[in-house]
Amino acid sequence: PHLAALVLARGGSKGIPLKNIKLLAGVPLIGWVLRAAIDAGVFHSIWVSTDHDEIEKVAKQFGAQVHRRSPEVSQDSSTSLEAIREFLNHHHEVDIVGNIQATSPCLHPSDLIKVADLIQKEGFDSVFSVVRRHQFRWSEVKKGENKMTEPQNLNPAKRYRRQDWPGELYENGSFYFAKRHLIEKGYLQGGKMAYYEMRAEHSVDIDIDIDWPIAEQRVLSFGYFGKEPLKEVKLLVCSIEGCLTNGRIYVTEDHKEMVSYDYRDIVGIDLLKKRGIQVRLISERDCSKTLSAMQLGCVAKVSATNKLQVLKDWQEDMGLSWKEVAYLGNEESDVECLKQAGMSGVPADACAAAQKAAGYICKSRGGCGAVREFAEHIFLLLEKVNSARKQ
């Protein structure tokens, strides 16, 4: 049977405009679940249903196909079921739909693989995700009612200790898998049903219980970053123009060139060095005088006509794997380096080709703190590496 992953990503959002493609830890929100779906390797096709051009563009960048949903199922009042049924009406080859929520960025491929087995090998008609919670519930007393609240799932005289109580299962909204015949009858859950319990740390729903800064911390700690395990970064190579500087060149009347840089970026370079990470700089221009004036104390290669070859030479000389190399670039000449490096980033104002190739898109512009921001991102991922080692 044809199993299709389907992510519903409407352009309208009352809370956060274009939330589905807003950057979360340097990656568009929808990118986290698409990466997990692709790497799971269990779907015959992966789709994003949207009514918005920018969401379509991002979806294709991450390897998904796009279904352009109609205005009728793109309203604030439209339900997920209506959008899924419309999708099935246009894709008769699909037998099973795995509806994955874009707002669940800590989803891992291992979860999707196990769910696919439940519905394809064990014969379940529908499978949905849940999380175990240890929360005591009480009855609601509406204002003006002369009633007392009552316990719903506990005896106040014998309150459970957390370790003595298994808790309760709640839907967490990460995904809903269902066979075509159920959906056509108007159900996402029905027939022979099963739940799939997700780990609590992977159960992040931005819509409901978490705000953006907290979500970024959770993703950096528990998100899925790709098939290859993360390694400790030992070298950061940074493009000078457009990253360390804002790309502007000021010329005085006596034909001297001047550039500006942000002191925060210099601090970021110093912090990287203190953590044992080498920082090297690269430029297509001959800016040796500028570098000398900045007194950064970094190895640099100027007049570099082939940045990728320089990067390979440095990587080989230092005996590093590509997973131990980070690269910050902003132009088309940086694209191949961004693709090759184990960790890659671009400033917010990088060209479209560089943004597409990068794993992290800074909120800061080039010459305005992007190097410091990328350094902080490296530090957070190093914490993730160290945590994985301890586990």
Query - Single residue of the range 1-33 satisfying the filter (of a type in the set (V, I, T) and out of contact with any Asp or Glu (no Cβ under 9 Å at 6 or more places or on another chain)) that is nearest to Q355 (Cα to Cα) - result: V27
Query raised in the report: Looking only at the range 1-58, which residues are modelled with pLDDT under 95, more than 17 Å from the chain's Cα centre (by Cα) and in a loop (DSSP other than H, G, I, E, B)?
Result: P1, R10, G11, G12, S13, K14, G15, P17, D51, H52
Report summary line: Flagged in the range 251-260 as in contact (Cβ under 8 Å) with a residue 12 or more places away in the chain and open to solvent by 100 Å² or more (accessible area, probe 1.4 Å), in numbering order, are E257
Requested in this report: Taking E93 as the residue in question, decide whether it is in contact (Cβ under 8 Å) with a residue 24 or more places away in the chain, assigned by the TED database to the domain that holds E201 and open to solvent by 10 Å² or more (accessible area, probe 1.4 Å).
Outcome: yes
**Report entry** Boolean, V127 is of a type in the set (V, I, T) and either open to solvent by less than 10 Å² (accessible area, probe 1.4 Å) or not in a loop (DSSP other than H, G, I, E, B) (or both)
**Finding:** yes
Report task. Please verify whether the range 61-82 includes one or more residues that are open to solvent by 50 Å² or more (accessible area, probe 1.4 Å), of a type outside the set (S, T, Y), in contact (Cβ under 8 Å) with a residue 40 or more places away in the chain and closer than 30 Å to K384 by Cα. Result -> yes
Query - Whichever residue in the range 290-327 is in a helix (DSSP H, G or I) and farther than 21 Å from A358 by Cβ and, among such residues, is modelled with the lowest pLDDT - result: A293
Query raised in the report: With (1) under 26 Å from the mean Cα position of the chain (by Cα); (2) open to solvent by less than 60 Å² (accessible area, probe 1.4 Å); (3) hydrophobic (A, V, I, L, M, F, W, C); (4) more than 21 Å from I249 (Cα to Cα) as the list, and M318 as the residue in question, which single condition is left unmet?
Result: (1)
Report summary line: Taking the range 123-157 and keeping residues under 30 Å from L107 (Cβ atoms), among the small types (G, A, S) and at pLDDT below 90 leaves none
Query raised in the report: Among the strands (runs of 3 or more DSSP E) contained in the range 133-250, which hold 3 or more residues that are open to solvent by 60 Å² or more (accessible area, probe 1.4 Å) and assigned by the TED database to the domain that holds V7?
Result: 193-198
Query raised in the report: Within the range 108-120, is there a residue that is assigned by the TED database to the domain that holds G41, in a loop (DSSP other than H, G, I, E, B), closer than 29 Å to G11 by Cβ and not charged (D, E, K, R)?
Result: yes
Query raised in the report: Out of the residues in the range 262-289 that are within 14 Å of C238 (Cβ to Cβ) and either in a loop (DSSP other than H, G, I, E, B) or modelled with pLDDT under 90 (or both), which is most open to solvent (accessible area, probe 1.4 Å)?
Result: E284
Query raised in the report: So is I266 assigned by the TED database to the domain that holds L380, under 20 Å from W314 (Cβ atoms) and not small (G, A, S) or not?
Result: no
Report summary line: With the first residue restricted to the range 97-122 and required to be basic (K, R), and the second required to be at pLDDT 95 or above and open to solvent by 10 Å² or more (accessible area, probe 1.4 Å), Cβ contacts under 9 Å at 6 or more apart or on different chains are K114/Y196
Query raised in the report: Of the residues that make up the range 355-373, is at least one free of Cβ contacts under 8 Å to residues at least 40 places away in the same chain and not in a loop (DSSP other than H, G, I, E, B)?
Result: yes
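The values are calculated or read from the model by the stated rules, or taken from the named source; none is laboratory data. The model shown is predicted, which means the values in this text are computed figures rather than measured ones. Because the Cβ atoms are built from the backbone with ideal geometry, glycine has one as well, and the counts that use them run over all protein chains shown. Surface accessibility is based on the protein's heavy atoms, side chains included, excluding ligands, DNA and RNA. Shrake-Rupley method; radii C 1.70, N 1.55, O 1.52, S 1.80 Å.
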